[in-house]
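Student: I'd like to ask some things about the structure below.
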Amino acid sequence: MQITIDKTRIEILQGDITKQDTQAIVNAANSSLLGGGGVDGAIHRTGGPEILEHCKKIRKEYGTLPPGNAVITPAGNLTAEFVIHTVGPIWREGKNHEAEVLKNCYKNSLSLAQREMIRSLSFPSISTGAYGYPIDKASKIAISTVIEYVKKHSFFDEIRFVLFSQYDLAVYEETMNNLI
């Protein structure tokens with residue numbers, strides 16, 4: 001499924017984030033930036049040690065990455081040129097500003113990509129795996145935040161939401177249909 005806003009194509013697809021050919025992919029990282037499970041582990045494994053080395057440099061200079069913030073590294077062995085690492089919120093029944101933090105993950109990743117002149121990027125569904133964010137709620141934040149950003153900033157050529165499972169894809173497609 002895809003829509004076009006101004007000149008930006010926004011696409012929702014099922015696939016492997018590590019195989020995307022956009023200029024950058026977004027990593028649903030943890031605050032340590034040292035790799036982990038899920039999307040984070042897959043990106044580090046596939047991208048190789050170059051990603052981890054750059055993450056260690058960032059960590060040494062700035063410390064851990066707070067939820068909602070974003071940093072960028074080269075993509076190592078991935079098809080993409082860059083990885084934008086962002087830390088999503090852990091779901092705590094919506095009582096700890098999780099929605100605001102998740103929105104910041106998308107906004108800060110888009111803003112960083114634009115500053116770095118990255119015209120195409122792929123997002124996973126941030127925080128909906130091990131961090132337990134309900135995918136129906138997360139998809140609304142993800143899609144609406146990207147659409148809002150693209151309407152204000154006519155910069156990107158393509159933004160993808162790359163979903164791992166058929167179920168996640170169906171939820172994102174339903175959300176997109178309800179928002180447009």
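The values are calculated or read from the model by the stated rules, or taken from the named source; none is laboratory data. Owing to the predicted nature of the structure, the values given are computational and were not obtained by experimental measurement. Cβ sites come from the backbone with ideal geometry, for glycine too, and all protein chains shown count toward neighbours.
Student: Take ILE12 and decide whether it is in a strand (DSSP E or B), in contact (Cβ under 8 Å) with a residue 24 or more places away in the chain and touching a helix residue (DSSP H, G or I) at 6+ places or on another chain (Cβ under 6 Å).
Tutor: yes
Student: Output the number of residues of the stretch 28-71 satisfying the condition of being in a helix (DSSP H, G or I), touching a residue at least 40 places away in the same chain (Cβ under 8 Å) and more than 17 Å from GLY129 (Cβ to Cβ).
Tutor: The total comes to 0.
Student: Would you call ARG92 modelled with pLDDT under 95 and part of a helix (DSSP H, G or I)?
Tutor: No.
Student: Next up: Considering only the stretch 142-180, state which residues are buried (at least 20 other Cβ atoms within 10 Å of the Cβ) and acidic (Asp, Glu).
Tutor: The answer is ASP168, and nothing else.
Student: Based on what the data block shows, is SER139 farther than 23 Å from THR73 by Cα, of a type in the set (Ser, Thr, Tyr) and loosely packed, with under 13 Cβ neighbours inside 10 Å?
Tutor: Spelling it out, it is not the case that SER139 is farther than 23 Å from THR73 by Cα, of a type in the set (Ser, Thr, Tyr) and loosely packed, with under 13 Cβ neighbours inside 10 Å.
Student: Kindly indicate which of SER127, SER139 is outside any loop (DSSP other than H, G, I, E, B), under 20 Å from GLN14 (Cβ atoms) and of a type outside the set (A, V, I, L, M, F, W, C).
Tutor: Numbers: SER127 fails: outside any loop (DSSP other than H, G, I, E, B).
SER139 is the lone residue from the list that is outside any loop (DSSP other than H, G, I, E, B), under 20 Å from GLN14 (Cβ atoms) and of a type outside the set (A, V, I, L, M, F, W, C).
Student: Filter the stretch 122-136 down to the residues that are buried (at least 24 other Cβ atoms within 10 Å of the Cβ) and more than 10 Å from the chain's Cα centre (by Cα) and list them by number.
Tutor: THR128, TYR133
Student: Moving on. Give the residue that is farthest from GLY68 (Cα to Cα), with candidates limited to residues of the stretch 9-35 that are among the hydroxyl-bearing types (Ser, Thr, Tyr) and surrounded by fewer than 22 Cβ atoms within 10 Å (Cβ to Cβ).
Tutor: Of all residues in the stretch 9-35, those among the hydroxyl-bearing types (Ser, Thr, Tyr) come to 18, 22, 31-32.
Filter once more, so that each one left must be surrounded by fewer than 22 Cβ atoms within 10 Å (Cβ to Cβ): 31-32.
Numbers: SER31: 10, SER32: 14 Å.
Ranking the qualifying residues of the stretch 9-35, first place goes to SER32.
Student: Hey, another quick one. Restricting to the stretch 31-46, and then to whatever is within 14 Å of the chain's Cα centre (by Cα) and β-branched (Val, Ile, Thr), can you tell me which residue is modelled with the highest pLDDT?
Tutor: Within the stretch 31-46, the match that is modelled with the highest pLDDT is ILE43.
Student: Could you look through the stretch 95-124, keep only residues that are outside any loop (DSSP other than H, G, I, E, B) and among the aliphatic types (A, V, I, L, M), and pick out the one that is farthest from SER31 (Cα to Cα)? Lay out the reasoning, then the answer.
Tutor: Kept after step one, since they are outside any loop (DSSP other than H, G, I, E, B), are these residues of the stretch 95-124: 98-115, 120-123.
Now narrow it down to the ones that are among the aliphatic types (A, V, I, L, M): 99, 101-102, 110, 112-113, 121.
On the way: ALA99: 18, VAL101: 13, LEU102: 14, LEU110: 19, LEU112: 18, ALA113: 20, LEU121: 21 Å.
Filtering the stretch 95-124 for residues that are outside any loop (DSSP other than H, G, I, E, B) and among the aliphatic types (A, V, I, L, M), the one farthest from SER31 (Cα to Cα) comes out as LEU121.
Student: Step by step: first the residues of the stretch 144-176, then only those that are of a type in the set (S, T, N, Q) and at pLDDT 95 or above, then the one that is farthest from ALA80 (Cα to Cα). Which residue is that?
Tutor: Among them, the one singled out is THR175.
Student: Follow-up. Would a scan of the stretch 51-66 turn up a residue that is within 17 Å of the chain's Cα centre (by Cα) and not hydrophobic (A, V, I, L, M, F, W, C)?
Tutor: Checked against the condition, which is being within 17 Å of the chain's Cα centre (by Cα) and not hydrophobic (A, V, I, L, M, F, W, C), the stretch 51-66 yields at least one hit.
Student: Now, a different point. Report yes if some residue within the stretch 105-121 is surrounded by fewer than 24 Cβ atoms within 10 Å (Cβ to Cβ), in contact with a His (Cβ under 9 Å, 6 or more places away or on another chain) and of a type outside the set (A, V, I, L, M); otherwise report no.
Tutor: Looking through the stretch 105-121, at least one residue is surrounded by fewer than 24 Cβ atoms within 10 Å (Cβ to Cβ), in contact with a His (Cβ under 9 Å, 6 or more places away or on another chain) and of a type outside the set (A, V, I, L, M).
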